[in-house]
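The values are calculated or read from the model by the stated rules, or taken from the named source; none is laboratory data. Since we're looking at a predicted model, the values are computed, not measured. Don't worry about glycine lacking a Cβ; one is built from the backbone with ideal geometry, like all the others, and counts go over all protein chains shown.
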Amino acid sequence: MRILITSVGSLVGQNILDALEGRREGLWVVGTNSLAETPNLFRCDLALRSPPAADTEAWCAFTADLIRRERFDLVFPARDDDILLLARLRDQHADLRHCITCGPATLAQMMEDKWQSYLFARARGLPFVETARAGQELGELVAAKGYPLVAKPPSGNGSRGVRIVFDAAQLQAAAAEPGNLFQEYLSPDAAVRESAGLCRRGTPLFYAPRYTQLAAQAVISPAGAVHAIYCGEVTMVMGRAERSVTVDQPDFAAIARAYAQTLAAAGWVGLMNLQGRRDAAGQFKVYELNGRIAGASTTRMLLGFDEVGMLAELFTGKALRASPKGGVPQRIVHKNLTEFVIEPEVLRSFEAEGRWER
């Protein structure tokens, strides 16, 4: 099986490689990345330097040519930017659709834009956290929900640019930044409330309150059927999932299935990930949607939900070997950092040639 991972240098790229670890026999894994100094490149069988995704025309031309030339069976996007670009390629080139694990660009754009995600969910009666833009909508949100609120850019991932707003002065500053969206903070943890006065005692050099969220991952077949859904609780630190457990909460599972079925009916294929929390009344609400493998994919595999393996079989008809690490739903999985060495001569060669092969 021939697999391409775009933007393999990302955390998601690392998770895909981790999910393939110990079962690479019969696989040829190619990774592309615009930056050279990333360990994940050198875990692939072939590494290629790609144009940056910001140069959309060059990235699309490079990637389409690569897919055709190397005849990939499966293409995994590992960044949100890549999802939108691959979705456009899929829309424009029928010969690439068989291997690209995402749906049409209209849905990719909706999931990338949090305001559009909110409007999509609201129009279909799906629960989504109350969201407002600066102006009258924001005033109404403050009047209805009070503080704290969450301020975030309309697109992005990994909690980049997300801030917690505790009072009117902070709200005014956040609202002055173009494009910011605002959401109700669902059931704030004690650590979050304590952080309101943290900077009055001096700005901490390091500070990352832990918080928990509910997250679901759905696998949608190329034929548009919801194949499987996983529901879990994740402890987040600095935008990373550090502790994960499987949960059995029927109302949460029903909401996840409703989102997956709605997206599948609209033409989405591959993966759907949603994240959210319960409000003060106990109702689960979504605040994030995306259409790719999320950062806890290896964790879910260890908990018995092998989304990489499922996608491979659904898209190619060929089953991957079972992971040697196994998968048991009752486990508690923690994620820790590790080390990876890049030798200077290897990096210099790759920077010069844009290609490295095992």
Report task. Within the range 1-26, work out how many residues are basic (Lys, Arg) and part of a strand (DSSP E or B). Result -> 1
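Looking only at residues in the range 64-106 that are β-branched (Val, Ile, Thr) and not in a strand (DSSP E or B), which one is nearest to ALA19 (Cα to Cα)? Can you show your working first?
Pass one, the range 64-106, residues β-branched (Val, Ile, Thr): 67, 75, 83, 100-101, 106.
If we keep only those that are not in a strand (DSSP E or B) too, we end up with 67, 83, 101, 106.
Values: ILE67: 22, ILE83: 20, THR101: 16, THR106: 29 Å.
Ranking the candidates gives THR101 first.
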Query raised in the report: Of THR38, THR32, which residue is buried (at least 16 other Cβ atoms within 10 Å of the Cβ), among the hydroxyl-bearing types (Ser, Thr, Tyr), modelled with pLDDT of 95 or more and under 26 Å from ALA241 (Cβ atoms)?
Result: THR32
Report summary line: Contact list, first residue from the range 149-170 and of a type in the set (Asp, Glu), second anywhere and at pLDDT 85 or above, beta-carbon distance below 7 Å, six or more apart or interchain, is ASP167/TYR147
Query - Qualifying positions in the range 202-230 - closer than 22 Å to ASP279 by Cα and either within 15 Å of the chain's Cα centre (by Cα) or basic (Lys, Arg) (or both) - result: ARG210, GLN213, LEU214, ALA215, ALA216, GLN217, TYR230
Query raised in the report: Here is a list of conditions, (1) crowded, with 22+ Cβ neighbours inside 10 Å; (2) in a helix (DSSP H, G or I), and SER349 meets all of them except one; can you say which number that is?
Result: (1)
Query raised in the report: Quick check: is even one residue across the range 43-61 surrounded by 15 or more Cβ atoms within 10 Å (Cβ to Cβ), modelled with pLDDT under 95, under 21 Å from the mean Cα position of the chain (by Cα) and among the aliphatic types (A, V, I, L, M)?
Result: yes
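Among the residues of the range 308-327, are any touching a Pro at 6+ places or on another chain (Cβ under 8 Å), more than 22 Å from CYS99 (Cα to Cα) and either surrounded by 18 or more Cβ atoms within 10 Å (Cβ to Cβ) or at pLDDT 90 or above (or both)? First the steps, then the outcome.
Initial filter on the range 308-327 (touching a Pro at 6+ places or on another chain (Cβ under 8 Å)): 314-315.
If we keep only those that are more than 22 Å from CYS99 (Cα to Cα) as well, we get none.
Within the range 308-327, none of the residues are touching a Pro at 6+ places or on another chain (Cβ under 8 Å), more than 22 Å from CYS99 (Cα to Cα) and either surrounded by 18 or more Cβ atoms within 10 Å (Cβ to Cβ) or at pLDDT 90 or above (or both).
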Report task. Name the one entry in GLY31, GLY22, GLY13 that is on the phi > 0 side of the Ramachandran plot and touching a Ser or Thr at 6+ places or on another chain (Cβ under 9 Å). Result -> GLY22
Report task. Output yes when any residue across the range 149-159 is more than 30 Å from GLY267 (Cβ to Cβ), among the polar types (S, T, N, Q) and not in a strand (DSSP E or B), and no when none is. Result -> no
Report task. Run ARG124 past the list (1) surrounded by fewer than 16 Cβ atoms within 10 Å (Cβ to Cβ); (2) without any contact (Cβ under 8 Å) to a residue 24 or more places away in the chain and report the number of the one that doesn't hold. Result -> (2)
Query raised in the report: Listed residues PHE305, PHE252; which is assigned by TED's automatic domain parsing to the domain that holds ASP73 and either touching a residue at least 60 places away in the same chain (Cβ under 8 Å) or surrounded by fewer than 16 Cβ atoms within 10 Å (Cβ to Cβ) (or both)?
Result: PHE305
Query - Cross-chain or 6+ apart pairs with Cβ under 7 Å, the range 340-352 first and over 18 Å from GLN14 (Cβ atoms), then among the hydroxyl-bearing types (Ser, Thr, Tyr) - result: none
